[in-house]
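The values are calculated or read from the model by the stated rules, or taken from the named source; none is laboratory data. Bear in mind that the values here come from a model prediction, so they are computed numbers and not experimental data. Every residue, glycine among them, receives a Cβ derived from its backbone with ideal geometry; neighbour counts consider all protein chains shown.
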């Protein structure tokens with residue numbers, strides 16, 4: 001076990017992963033040394049290199065409890081906007097959306 005694994009195990013309070021097509025999202029609740037909880041949201045996607053090997057490209061957001069309400073409200077507003085204004089798709093669950101088109 002590496003030192004990073006030990007630290008991760010020490011302050012990781014809750015973890016949930018969601019597979020979504022080519023991406024995996026990780027929701028991890030952690031604690032600071034002072035005992036305050038915060039959330040990390042990590043997007044992970046496998047990228048293939050020219051030599052055929054692959055790496056995992058990761059993007060991480062740290063969300064602190066004092067921002068939960070504002071974040072949740074804005075997140076829900078954005079989701080509701082999409083549900084109300086997005087063109088109808090053949091699949092009700094939206095799985096036909098290709099975020100690779102966004103250049104991410």
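Considering 69, 91, which residue is out of contact with any strand residue (DSSP E or B) (no Cβ under 9 Å at 6 or more places or on another chain) and modelled with pLDDT of 95 or more?
One residue alone meets the criteria, 69.
Taking region 22-49 as the region of interest, how many residues are under 13 Å from the mean Cα position of the chain (by Cα) and outside any strand (DSSP E or B)?
Total meeting the criteria: 1.
In this structure, does residue 60 turn out to be modelled with pLDDT of 95 or more, surrounded by 11 or more Cβ atoms within 10 Å (Cβ to Cβ) and closer than 22 Å to residue 19 by Cβ?
yes
Against the conditions (1) modelled with pLDDT of 95 or more; (2) more than 18 Å from residue 75 (Cβ to Cβ), where does residue 25 fall short? Just the number, please.
(2) is the only condition that residue 25 fails.
Kindly indicate whether residue 97 is modelled with pLDDT under 90 and surrounded by 10 or more Cβ atoms within 10 Å (Cβ to Cβ).
yes
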